[in-house]
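Here is the structure we will look at.
The values are calculated or read from the model by the stated rules, or taken from the named source; none is laboratory data. What you are looking at is a predicted structure, and each value in this text was computed from that prediction instead of being measured. All Cβ positions, glycine included, derive from the backbone under ideal geometry; neighbour counts span all protein chains shown.
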Amino acid sequence: MENCEIVLAGFGGQGILFMGKLLAFAAMLKGKKLSWLPSYGPEMRGGTANCHVIIDDKPIGSPIVTKPSVLVVMNKPSLDKFEDTVAEGGYVFVDRSLIEGEVTRKDVKPVYIKATEIADSIGNRGLANMVMLGAVLKTTGVFSLEEIEETMKKSLPAKKQALVEKNMEAVKKGYQTV
C-alpha cells in the first residue's frame, strides 16, 4: 500500500495510541513520510481515544485524516462515529468481540475479527490491539510481520523488551485469522 491513511479508534486503555505509534515508527524505519496524531478524552481509561496515522512517499500536508483508507474500531461508538468517513473501497476492521453491529455501508470492505476473544485465548485481553494490527497487516500489506517485529524491538524501552514476544504472538494470531 503506497499511501495509507488510517484512523484507529476505541476506548482509552485499549492500546489505540500504541497501535498508531507502531505503525508510525514502522513507517519511519522504512523511510516513509508519516504523521501520527493522537486524540483522547481527559479520562485515562474508559474515555474515547483515536489516532490518525498517515503513511506516504510524498510530503504530508495535514495530519488530519478525513477519508481514511483504513478504519480500525474497537468499540461501537467509534464505529458509529467514523464509519461514514471511510473512503470508498476502504477497509473497516471491527472487533467483533465488542461490537455486535454490522458495517452498514456497501462501498467499503468490512473485516470482522474477534480480537478481544483471541487475545483472551492467548492469556492477555489487553493484546486485542495487536490482534487487530495483525489483521490490518495481512489485509493491507502496509508492513510485513518482520517489519513490525523489528519496530517493536527498536521502539520499546529496554524494560519492556520482554513484551515483544507476546505482542508478536497476538499480531500473528490476527494475521492468521484473516
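Does region 103-125 hold any residues that are closer than 16 Å to residue 72 by Cβ and of a type outside the set (S, T, N, Q), and which are they?
103, 105, 108, 109, 110, 111, 112, 113, 114, 115, 118, 119
From the list 1, 19, which residue is assigned to a loop (DSSP other than H, G, I, E, B) and either modelled with pLDDT of 95 or more or of a type in the set (A, V, I, L, M, F, W, C) (or both)?
Just a single option satisfies the conditions, and that option is 1.
Restricted to region 157-176, and to residues that are hydrophobic (A, V, I, L, M, F, W, C) and under 22 Å from residue 138 (Cβ atoms), which residue is surrounded by the fewest Cβ atoms within 10 Å (Cβ to Cβ)?
Taking the candidates together, the pick is 163.
Restrict the check to region 104-118 and report whether at least one residue is surrounded by fewer than 17 Cβ atoms within 10 Å (Cβ to Cβ) and modelled with pLDDT under 95.
Checked region 104-118: no residue is surrounded by fewer than 17 Cβ atoms within 10 Å (Cβ to Cβ) and modelled with pLDDT under 95.
Which of (1) touching a helix residue (DSSP H, G or I) at 6+ places or on another chain (Cβ under 7 Å); (2) assigned to a helix (DSSP H, G or I); (3) surrounded by fewer than 18 Cβ atoms within 10 Å (Cβ to Cβ) is the odd one out, the single condition residue 132 does not satisfy?
It is condition (3) that residue 132 fails.
Take the residues in region 4-16 that are out of contact with any strand residue (DSSP E or B) (no Cβ under 6 Å at 6 or more places or on another chain) and not in a strand (DSSP E or B); name whichever of them is surrounded by the fewest Cβ atoms within 10 Å (Cβ to Cβ).
13
Taking region 48-76 as the search range and keeping residues that are without any contact (Cβ under 8 Å) to a residue 40 or more places away in the chain and either over 23 Å from residue 113 (Cβ atoms) or of a type in the set (Phe, Trp, Tyr) (or both), which one is surrounded by the fewest Cβ atoms within 10 Å (Cβ to Cβ)?
The extreme case among them is 59.
Looking at (1) modelled with pLDDT under 95; (2) small (Gly, Ala, Ser); (3) within 24 Å of residue 26 (Cα to Cα), find the lone condition where residue 47 falls short.
All conditions are met except number (3).
What pairs can you find where one residue is in region 85-111 and within 19 Å of residue 14 (Cα to Cα) and in contact (Cβ under 8 Å) with a residue 24 or more places away in the chain, the other is β-branched (Val, Ile, Thr) and assigned to a loop (DSSP other than H, G, I, E, B), and their Cβ atoms are less than 8 Å apart, with a gap of 6+ or different chains?
Short answer, once both residue conditions are applied: 111/178.
Across region 33-92, what is the number of residues that are touching a strand residue (DSSP E or B) at 6+ places or on another chain (Cβ under 6 Å), of a type in the set (Val, Ile, Thr) and part of a strand (DSSP E or B)?
Number of matching residues: 7.
If residue 102 meets every condition in (1) closer than 22 Å to residue 34 by Cα; (2) assigned to a loop (DSSP other than H, G, I, E, B); (3) of a type in the set (D, E, K, R) apart from one, which number is that one?
The one condition residue 102 does not meet is (1).
Quick one: count up the residues across region 135-156 that are in a helix (DSSP H, G or I) and surrounded by 14 or more Cβ atoms within 10 Å (Cβ to Cβ).
Residues of region 135-156 that are in a helix (DSSP H, G or I), as a first pass: 135-140, 145-155.
Retained after the next criterion (residues that are surrounded by 14 or more Cβ atoms within 10 Å (Cβ to Cβ)): 135-140, 145, 147-152, 155.
Here the count works out to 14.
Please verify whether residue 73 is under 16 Å from the mean Cα position of the chain (by Cα), closer than 30 Å to residue 125 by Cβ and among the hydrophobic types (A, V, I, L, M, F, W, C), treating the condition exactly as stated.
Yes, satisfied.
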